[in-house]
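What follows draws every value from the coordinates through simple rules; no lab data is involved. Quick caveat: nothing in here was measured; it's all calculated off a predicted structure.
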Amino acid sequence: MSTVLANPAEMIRQGAPHLIHSDEELAEYTEALFDLTAKAAPSPEEEEAIELLTLLIERYEMERYPVPDAGPIDVLRFLLDQNGLSQRDIAEDLGSESTVSLVLSGKRLLNRDHIMRLSQRFHVSPAVFFGTT
């Protein structure tokens, strides 16, 4: 066994990253991750820390705040609601108000251009629009 891992429990006692157990720890880890990712040229060790913190944060969030499967229409409705927007507000992104109505009623699918524009507008991954239907 490597000497680095000779006593993992002692590493944890000394403050090495560990599993996140509370929202307070989540906030601390998230702040540390933001600090590391803000660096212009992180060292190899910092890159490793970024990966580790990301894994720990993702694990906690997936267990504590699972995201239900949602179809593209549900996602779009949610984004409109959360941003206080109406169908009219995204008409330009989808081409027209009638297109927005057709999409939200399930009579028309979002196309690649729609998804690109919506993901840019709402600052979300295009993947959120490929959920279950």
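What to note about this one:
- Taking θ as phi - 60° and the Karplus parameters 6.51, -1.76 and 1.60, the scalar couplings of the range 29-41 work out to 5, 5, 4, 4, 5, 4, 4, 5, 6, 7, 6, 5, 9 Hz in sequence order, x denoting glycine and proline.
- From the alpha carbon centroid of the range 8-33 to that of the range 89-133 is 39 Å.
- C-alpha long axis of helix 112-122 to longest principal axis of the chain, angle in °: 60 degrees
- Each residue of the range 41-107 gets 147 Å³ once the volume of the Cα convex hull is shared out per residue.
- Phi to ³J(HN,Hα) by Karplus 6.51 cos²θ - 1.76 cosθ + 1.60 over the range 89-100, Hz, x for Gly, Pro: 5, 10, 4, 5, 5, 9, x, 6, 5, 5, 5, 4
- Surface/4 estimate of mean projected area, convex hull on alpha-carbon atoms of the chain, nm²: 11.5 nm²
- Nearest-ten-degree value, helix 44-64 long axis tilted from longest Cα axis of the chain: 60 degrees
- A convex hull fitted around the alpha carbon atoms of the range 72-130 yields 68 Å³ per residue.
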